[in-house]
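Here is the structure we will look at.
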Amino acid sequence: MRNAVLMMGIACLMGCGTSMKLAVPDAFKQQATMQHVDGARGNKMSFANISTSEITRGVHVSYPGWGGRAFFLQNLILNKYGIQKNETVEKEKARFRYTITDGKNTLEVYANEKQVTKKLEYQLIKETGYFSSFEQLQHYQYIFSAIIGTGNMPGRNNWELMMTNIYDREAEHDPNPFAYAKQEDNGLATNGRDTIYINPLSIRKTELSNGKTGKLPFKLLSGYELSNSDGVVAIVDMIDRNVWFYNELEPMEKLNISAIATAMFARKVHDAKW
């Protein structure tokens, strides 16, 4: 429901001449090079001297509304007032794999996505229409994991990528009846020696067609910042489908980051839908 509202809002803003862009900090932009990812969110990607194979996808499975509690005793009382209470559990999962190369070295990417959403639904028994029911989010869990294999390259360890987004009403003691699952997920990638931290970037301000700056009524996921102990090494722009690489990266470091970035673009369960 909220995703539909967000998409309607985006469409309205675009129709009104609003240009939404990820704001790359000037300090990093001066030390980085932007590469546009051709085929992002498709089945094959390429940019500069880097390209992926065709992405092989497993079955994308969705189980809408299965496995919720019935609330028999509560509904004996609620039904007298024309209300029915139910719990829905939605599950979705997908997997994919591909290789990525810079012409000299090749990495293998094996990725999995899993998402679980639990909601309470209150339905007016004798009413139909848009306002005849109310959903309340109880639990949301999204996990994205990937193995980035280095094959037989000597002295190279596999990288493990993990990104999560978790909300639990009970654990957080959240009294807000209108809580929702946010788009932003966080994570990291590590090979046991080095670690890359992945943090979401969101936009609230937009550039209008007249050159002025407008403010959105909500934040929108626009990309991800990748950093290590030395600072920011890359920025993934989900809106314009670009990757900004720090200029001092070694070729193998750039290939590793490219594997992480393309894996994020290749997701189907958690898709920013720009």
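The values are calculated or read from the model by the stated rules, or taken from the named source; none is laboratory data. This one's a predicted model, so the numbers in the text were calculated from it and none came from an experiment. Cβ placement follows ideal geometry from the backbone for every residue including glycine, while neighbour counts extend to all protein chains displayed.
With the requirement that a residue be touching a strand residue (DSSP E or B) at 6+ places or on another chain (Cβ under 9 Å) and at pLDDT below 90, what does the range 90-134 give you?
Initially, the range 90-134 is screened for residues touching a strand residue (DSSP E or B) at 6+ places or on another chain (Cβ under 9 Å), giving 90-103, 106-125, 127, 131-134.
The answer is 120, 121, 122, 123, 124, 125, 127, 131, 132, 133, 134.
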Which numbered condition residue 176 misses (of (1) part of a loop (DSSP other than H, G, I, E, B); (2) within 29 Å of residue 70 (Cα to Cα); (3) touching a residue at least 12 places away in the same chain (Cβ under 8 Å))
(3)
May I ask you to verify whether residue 153 is hydrophobic (A, V, I, L, M, F, W, C), surrounded by fewer than 16 Cβ atoms within 10 Å (Cβ to Cβ) and either within 26 Å of the chain's Cα centre (by Cα) or part of a strand (DSSP E or B) (or both)?
no
All conditions in (1) touching a strand residue (DSSP E or B) at 6+ places or on another chain (Cβ under 9 Å); (2) surrounded by 13 or more Cβ atoms within 10 Å (Cβ to Cβ) are true of residue 54 except (2)
In the set 115, 183, which member is assigned to a loop (DSSP other than H, G, I, E, B) and surrounded by 18 or more Cβ atoms within 10 Å (Cβ to Cβ)?
183
Among the residues of the range 26-43, which ones are touching a residue at least 24 places away in the same chain (Cβ under 8 Å) and out of contact with any Lys or Arg (no Cβ under 9 Å at 6 or more places or on another chain)?
28, 29, 31, 32, 33, 34, 35
If you check residue 249 against the conditions, is it at pLDDT 95 or above, aliphatic (A, V, I, L, M) and surrounded by fewer than 19 Cβ atoms within 10 Å (Cβ to Cβ)?
yes
